[in-house]
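The values are calculated or read from the model by the stated rules, or taken from the named source; none is laboratory data. None of the values given here were measured: they were computed from a predicted structure. As a convention, Cβ positions derive from the backbone with ideal geometry for all residues, glycine included, and neighbour counts pool all protein chains shown. Accessible surface areas use protein heavy atoms only, side chains included; no ligands, DNA or RNA. Shrake-Rupley method; radii C 1.70, N 1.55, O 1.52, S 1.80 Å.
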Amino acid sequence: MQIKKLELRNFKNIESLETSFNGNVYLVKGDNELGKTSLITAITAILTGERSDQILQRGKENGYVKANIGERYEASLEFNNKNPRGTLKIRDLETGLIQTKGAK
């Protein structure tokens with residue numbers, strides 16, 4: 001399973017990120033508190049549905065994580081003040097089938 005594209009809005013301390021991936025291994029580096037762990041948390045959330053209680057960036061009303069996974073799937077995790085853990089949706093691009101996982 002390979003993430004081809006990733007978008008984040010108001011996820012933890014990342015206000016906005018949009019990137020594409022073409023290879024198999026990536027190195028993420030940077031100073032402390034810039035969002036490296038938040039990026040890994042977002043990838044984990046979109047692939048497994050596991051997430052912490054506080055993923056919405058403080059002071060924001062809503063946010064999302066979206067990913068294209070391989071050539072076949074689109075996944076989105078949308079969250080807001082009323083649903084802070086969000087709802088995960090995975091769409092099979094071949095069949096159109098959508099699976100949804102709400103907050104636990």
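A 1.4 Å probe run over the protein chains yields, for the stretch 32-104, 64 Å² of accessible area per residue, whole-number rounding.
Centre-to-centre, using Cα atoms only, the stretch 1-39 and the stretch 73-104 are separated by 19 Å.
The chymotrypsin sites (Phe, Trp or Tyr not before Pro) of the stretch 1-102 that meet both conditions, a loop assignment by DSSP and at most 10 other Cβ atoms within 10 Å of the site Cβ, are Tyr26. Counting only protein heavy atoms and a probe of 1.4 Å, the accessible surface of the chain is 47% carbon and sulfur. Per residue, the chain reaches -4000 deg cm²/dmol at 222 nm when only DSSP H runs of four or more residues are counted, each adding -39500 (n - 2.57). As a calculated quantity, the FRET efficiency between Val25 and Asn62 at R0 = 41 Å, using C-beta atoms, amounts to about 0.80. Here the spin labels are modelled as points 7 Å beyond Cα on the Cα-Cβ line, and at Thr100 and Ile43 they lie 2.9 nm apart.
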